[in-house]
Structures are given as structure tokens and as C-alpha cells.
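S.K.: This is the structure, below, for whatever I ask next.
The values are calculated or read from the model by the stated rules, or taken from the named source; none is laboratory data. Treat the numbers as computed from the prediction; the structure is a model and nothing was measured. Note: ideal-geometry Cβ built from the backbone for every residue, glycine included; neighbour counts use all protein chains shown.
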Amino acid sequence: MPKWGEYERTTATAINAYIGPLTSGYLRQLDRRLTGLGYRQPLQITQCGGGTISVDKAMEAPLLTLDSGPVSGVTGSHYLGRVMGYPNIITTDMGGTSFDVGIIYEDKPAYSFVSNVNQYEYFIPKVDIQAIGSGGGSLVRIDQATRTMRVGPESAGAVPGPVCYGKGGTVPTVTDADLVLGYINADNFAGGSIKLDRAKALSAVKEIADRLDLSVMDCASGIAKIAEFQMADIIRKMTVGKGFDPRDFVLFAFGGAGPAHAGIFARELGVAKVVIPQRETASTWCAFGAASADILHIYERVDITGSPFEAGRINRNLERLEETARRQMAKDAIAPERQRLQFSVDMRHKGQINEVEVLLEHDRIAGDFQAPLREAFRRRYEQLYGRGSSFQGGRLELVTFRVRATAETPRPRLVAAEQLSEEVPPAARRPSRKVHWADLRCLVDTPIYDGTELRPGNAIAGPTVVETPDTTVVVHPGQSLRVDRFGNFEIELGEARIQ
């Protein structure tokens, strides 16, 4: 990582060396087996920058593959958002152990350039993903000092898993609370492949409830609400904390557990609407993102220079980056007409140590470029740190020059339905069940639907639960769900109704 900062560069090198033999050996074996099975295309591996790299590049720099799974969820959301016409998206991925958040603003994923593994900080350009330990398997405990519940960050994992799995777990989890509340069907979890034990979940939640002098339903509802508010908090840090207004965004909820809780944390944030992408595909949305990713190589070059800037010096840095990028693209057998380059530069006020990235509108600097470049820096800086925070008369520094070299690849085809139907098919209706709704403070006999049978144009008023083989969508009172032209579920958010 040719960046200014010896500690972070050393850490990046050490981590790359640490994971290198295992990762490279695995990828080499995978490539060999695929070739033996007759696969003739160049193998591409997802990377943390938001695209894919060749298997040779991944073996050379396995550090680039760290966090590439969650990043692929942002990649898939970016592709679907373009198809649907949504330039501003908050991506949320809730699985069994964690809750991952990403941002797409003005059709561009938000980037970060410093990452952490445990306490080790290192440089790498990657799509900005922030995560907390809040998933379906997050453990519920009581803080003895305050006599309050805590949810996560510890997780039950797959083994023993939630208490309701019946594999030896004794500490209740978010999934156990969802089962007690009636969100989850004990006989139709994971498409019926797993039978859940509601009695065990009820007993585990009751033990917590008794210690806090709560009813079982209030306790289960509190567990879900704590998890949901923790999710809302990390999203605020990714949006409000970085100069974005959540009300300007659509929220994509995916992962196996995300659609069950998105209706609450999204309403808490005030976003425009919730999209559960491609129905049951939402549970494996990161895999969809990997399939829709473009080839991407990111190269950086540090050359600290203060204002007034020399166009020649800037262009020489851009030329060297372009040469490196095109050399790699040629190695990947990408024709010149398919290659796309986007240049940017990290800038800062002279005397500061933190930079902000500014995208360059052209491949080279020419003419009176200084005023537009300064203005672009001011806009980005004040978006991050507040109006008036930039010292407009002060000197600026260019620190890191960067190029993103991309090439489009074939993507999954999303076809819009030609006709919309308001009539809900009879096959989509399932037997109703009792669900506890916090807004209504009681159990309500709630309509249940088979999400695979719903058709584009169908609309259902909450409260209701929509089930697919791999996820459950919970629609709260005052909200409604519709199926759009592309087969996504959309939740229109309403105000909480307290009785």
C-alpha cells in the first residue's frame, strides 16, 4: 500500500503475508478444479473495492478480498438501484451474527481508505462498510448493575445457535424473540427444512422476563426493539454522522433476518421506503452482488504537493496511474474500448492530517483548473464536517492520486413485468396466526402470505407477515407492502399507532 503512514503500510503488508498462503492455496486449487471441469472463462474474485479482480491478482494480494462478501451486497444494490432509478440507497445486511451497513449516494458507493482488523489499522481503498454484532443469533443478557437487557454483540453462532434450534443453546437470542412474538413460523423456517421449538424459546425468554418483572411478550418485544434501535444508531452514524440525510434515501434490507426488522429501524430513521430485493433472493443478496460486479482495479500514488498546483505535476501522476491500470487490464485480456478510468485525488487543508476524496471530472488537468478543484473540495469537506467548516482562503494540499479502472461484465438480467395485478392469488394466502405487535400492545390474529405466490402489483396492508423459503418480511400496523414491477417487495412506512 504505497501510502503516507509507515504503521498502516506495515500492517497491510503483515496481514497480506499472514493470510497469503492459505488464501492463495485455496484460490489456486479452485482455479485448477474449475479448469478441469471445463470452465474456460478467466476466474474473477470479488474484492473489497466493490468489483472483481483476476484470480492471479487475488493470489498476489489476498488482502483485497477481506470484507468482499458484505461489499458485494452494496454492489448488488447499486446495480438494482440503477435499474429502479434510485441514486441514494442505504444498504443493510442482517444475518445470524452481524448487521452491515453501506451507503450509495448520487449513484456512487461511499468509500473508506483506512480499515481495521481487530485493533490493527491498515490502508486499503474499499467500499465503506460498518458492522455491529446484531444479528438473529445475538445473545440476550442482563446487565446486573443496571438490571437492563443487552442484545449482542456476542452471538450463538450456528452451533449451538438460538435456543429454538434445539442444539443445546440456553441463552435466548433475537431469533427466539421473533419466534415468541409470532414473526416466524416454527414449522416453516428456512422453507420448512428446520423445525423450531417454540416452547424452548418461550421458556428462555420467560427466564429473562421474570428477572426483570416483565411479561413474556413485553420482554420479547423489548429484545427486538433493542436490536432494531442499535441498527438505527449505526445507520445514523453512517448517514447523519457523515453529512447525509436519511430522508433522502431508500433503504434496501437483505440477509436472512433483515426483512423481519427493517420496518422498525427504517421508520425510526424516516427513510423514503424499504426495498426487499428480489424477494427470496434477499437472503443471498451478496451472492447476487458478486454475480453483477464489474472488473475493478484501484491504484494509488502519493505525491504531496501544496497549492498553487502545477498542472504538469498532476498530469504526470495521472499518466503513471493510467499506465499501471491499462497494463493490468491488458493482462486481464480486456479490450481498450471496454476500459473505463475514473481519477480522483485526496485533498486536505495544509496542516491537517485527514484528507477527503475529490473526483476529477477529466482524465487530465488543463486550463484554469484550480478554482473548480478548490470548489469541489469545499463542497465535499463541508458535507462531511458542516457548512462553513472549510477555510476557503487557506492553502490546500494534494496527497494521494487514485485511479479506478473498470470493465463491464455480463450481469443477471432483471425483467420488469408487463402487467400489474391488484388481485392477490388465493394460493398466496396461508393460515393466519397470533402475532404480538408492539404498536398495538397485544396479540392480533394476523394474515400470513406466501411471498413466492404474490404477483407484481399486489398490495397488502399491515399488520401482516410475508414468508418466503429463506426470509420473513414483517409489515407493522400502519405500513403496507407491495410487489413492484421487478418482483421486489416494497414496504411503505407509516407512523406508529399506539393504542
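S.K.: Considering only residues of segment 366-388 that are of a type outside the set (D, E, K, R) and modelled with pLDDT of 90 or more, which is surrounded by the fewest Cβ atoms within 10 Å (Cβ to Cβ)? I'd like the intermediate steps shown before the answer.
M.R.: First, pick out the residues of segment 366-388 that are of a type outside the set (D, E, K, R): 366-367, 369-373, 376-377, 381, 383-386, 388.
Subsequent filtering for residues that are modelled with pLDDT of 90 or more retains 369-373, 376-377, 381.
Working: F369: 16, Q370: 14, A371: 8, P372: 13, L373: 21, A376: 17, F377: 23, Y381: 22.
In this case the residue turns out to be A371.
S.K.: Which residues, taken from segment 124-141, are more than 21 Å from A199 (Cα to Cα) and either among the β-branched types (V, I, T) or buried (at least 21 other Cβ atoms within 10 Å of the Cβ) (or both)? First the steps, then the outcome.
M.R.: Taking segment 124-141 as the starting set, the residues that turn out to be more than 21 Å from A199 (Cα to Cα) are 124-135.
Across segment 124-141, the qualifying residues are I124, P125, K126, V127, I129, I132, S134, G135.
S.K.: With the requirement that a residue be at pLDDT 95 or above and aliphatic (A, V, I, L, M), what does segment 96-126 give you?
M.R.: Listed by number, the residues that qualify are V101, I103, I104.
S.K.: What is the residue count in segment 245-262 for residues that are part of a helix (DSSP H, G or I) and over 17 Å from G135 (Cβ atoms)? Explain how you work it out, then say what you get.
M.R.: First pass over segment 245-262, keeping only residues part of a helix (DSSP H, G or I): 246-248, 258-262.
Next cut, over 17 Å from G135 (Cβ atoms) only: 246-248.
Adding up the residues that qualify gives 3.
S.K.: Inside segment 205-217, can you point out the residues that are surrounded by fewer than 22 Cβ atoms within 10 Å (Cβ to Cβ) and outside any loop (DSSP other than H, G, I, E, B)? Full working, then the answer.
M.R.: Here is the first cut: in segment 205-217, the ones surrounded by fewer than 22 Cβ atoms within 10 Å (Cβ to Cβ) are 206-207, 210-217.
Correct list: K206, E207, D210, R211, V216, M217.
S.K.: Given N16, N116, which one is in the same structural domain as R279 (by TED's automatic domain parsing), part of a strand (DSSP E or B), among the polar types (S, T, N, Q) and farther than 25 Å from T284 by Cβ?
M.R.: Numbers: N16 fails: part of a strand (DSSP E or B).
The unique qualifying residue is N116.
S.K.: Would a scan of segment 29-42 turn up a residue that is part of a helix (DSSP H, G or I), assigned by TED's automatic domain parsing to the domain that holds D248 and either touching a residue at least 24 places away in the same chain (Cβ under 8 Å) or in contact with a strand residue (DSSP E or B) (Cβ under 9 Å, 6 or more places away or on another chain) (or both)?
M.R.: We begin by selecting, within segment 29-42, every residue part of a helix (DSSP H, G or I); these are 29-36.
Checking the rest, the ones that are also assigned by TED's automatic domain parsing to the domain that holds D248 come to 29-36.
Those still in the list that are either touching a residue at least 24 places away in the same chain (Cβ under 8 Å) or in contact with a strand residue (DSSP E or B) (Cβ under 9 Å, 6 or more places away or on another chain) (or both) too: 30-31.
Among the residues of segment 29-42, at least one is part of a helix (DSSP H, G or I), assigned by TED's automatic domain parsing to the domain that holds D248 and either touching a residue at least 24 places away in the same chain (Cβ under 8 Å) or in contact with a strand residue (DSSP E or B) (Cβ under 9 Å, 6 or more places away or on another chain) (or both), which makes the answer yes.
S.K.: Being in a strand (DSSP E or B) and among the polar types (S, T, N, Q) is the filter; apply it to segment 121-141 and report the residue that is farthest from the chain's Cα centre (by Cα).
M.R.: Residues of segment 121-141 that are in a strand (DSSP E or B), as a first pass: 121-127, 130-132, 138-141.
From what's left, among the polar types (S, T, N, Q): 130, 138.
Details: Q130: 8, S138: 18 Å.
Applying the filter and picking the extreme gives S138.
S.K.: Only one of these is closer than 30 Å to G351 by Cα and part of a helix (DSSP H, G or I): I304, I314, I234, I223. Name it. Walk me through how you get there before you give the answer.
M.R.: Details: I304 fails: part of a helix (DSSP H, G or I); I234 fails: closer than 30 Å to G351 by Cα; I223 fails: closer than 30 Å to G351 by Cα.
Going through I304, I314, I234, I223 in turn, just one is closer than 30 Å to G351 by Cα and part of a helix (DSSP H, G or I): I314.
S.K.: Limited to segment 51-94, what total is found for residues that are touching a strand residue (DSSP E or B) at 6+ places or on another chain (Cβ under 6 Å) and closer than 29 Å to I264 by Cβ?
M.R.: Of the residues in segment 51-94, 15 are touching a strand residue (DSSP E or B) at 6+ places or on another chain (Cβ under 6 Å) and closer than 29 Å to I264 by Cβ.
S.K.: Does segment 162-180 contain any residue that is in a strand (DSSP E or B), free of Cβ contacts under 8 Å to residues at least 24 places away in the same chain and not aliphatic (A, V, I, L, M)?
M.R.: Checked against the condition, which is being in a strand (DSSP E or B), free of Cβ contacts under 8 Å to residues at least 24 places away in the same chain and not aliphatic (A, V, I, L, M), segment 162-180 yields no hits at all.
S.K.: Looking at A417, A405, which one is modelled with pLDDT under 95 and hydrophobic (A, V, I, L, M, F, W, C)?
M.R.: Numbers: A405 fails: modelled with pLDDT under 95.
Of A417, A405, the one residue that is modelled with pLDDT under 95 and hydrophobic (A, V, I, L, M, F, W, C) is A417.
S.K.: Still on this structure, I have one more. In the list A282, A224, which residue meets the criterion of being surrounded by 24 or more Cβ atoms within 10 Å (Cβ to Cβ), in the same structural domain as S98 (by TED's automatic domain parsing) and not aromatic (F, W, Y)?
M.R.: Values: A224 fails: surrounded by 24 or more Cβ atoms within 10 Å (Cβ to Cβ).
Checking each option against the conditions leaves just A282.
S.K.: In addition: Would you tally the residues in segment 239-264 being more than 20 Å from N185 (Cα to Cα), at pLDDT below 95 and either crowded, with 24+ Cβ neighbours inside 10 Å or among the aromatic types (F, W, Y) (or both)?
M.R.: 1
S.K.: Would you check if there is a residue in segment 416-434 being closer than 30 Å to E337 by Cα and either assigned to a loop (DSSP other than H, G, I, E, B) or not assigned by TED's automatic domain parsing to the domain that holds E323 (or both)?
M.R.: yes
S.K.: Does G451 fit the bill of being within 26 Å of G135 (Cβ to Cβ), touching a His at 6+ places or on another chain (Cβ under 6 Å), crowded, with 18+ Cβ neighbours inside 10 Å and not aliphatic (A, V, I, L, M)? Please lay out each step first, then the result.
M.R.: Numbers: within 26 Å of G135 (Cβ to Cβ): yes; touching a His at 6+ places or on another chain (Cβ under 6 Å): no; crowded, with 18+ Cβ neighbours inside 10 Å: yes; not aliphatic (A, V, I, L, M): yes.
When the stated conditions are applied, G451 does not pass them.
S.K.: If I go through segment 395-426 residue by residue, how many of them are free of Cβ contacts under 8 Å to residues at least 60 places away in the same chain and either loosely packed, with under 12 Cβ neighbours inside 10 Å or aliphatic (A, V, I, L, M) (or both)? Even if it seems obvious, please write down each step before you answer.
M.R.: Start the filter on segment 395-426 by keeping residues that are free of Cβ contacts under 8 Å to residues at least 60 places away in the same chain, which leaves 410, 413, 418-419, 421-426.
Among the residues that remain, those that are also either loosely packed, with under 12 Cβ neighbours inside 10 Å or aliphatic (A, V, I, L, M) (or both) are: 410, 413, 418-419, 422-424, 426.
Counting residues in segment 395-426 that are free of Cβ contacts under 8 Å to residues at least 60 places away in the same chain and either loosely packed, with under 12 Cβ neighbours inside 10 Å or aliphatic (A, V, I, L, M) (or both) gives 8.
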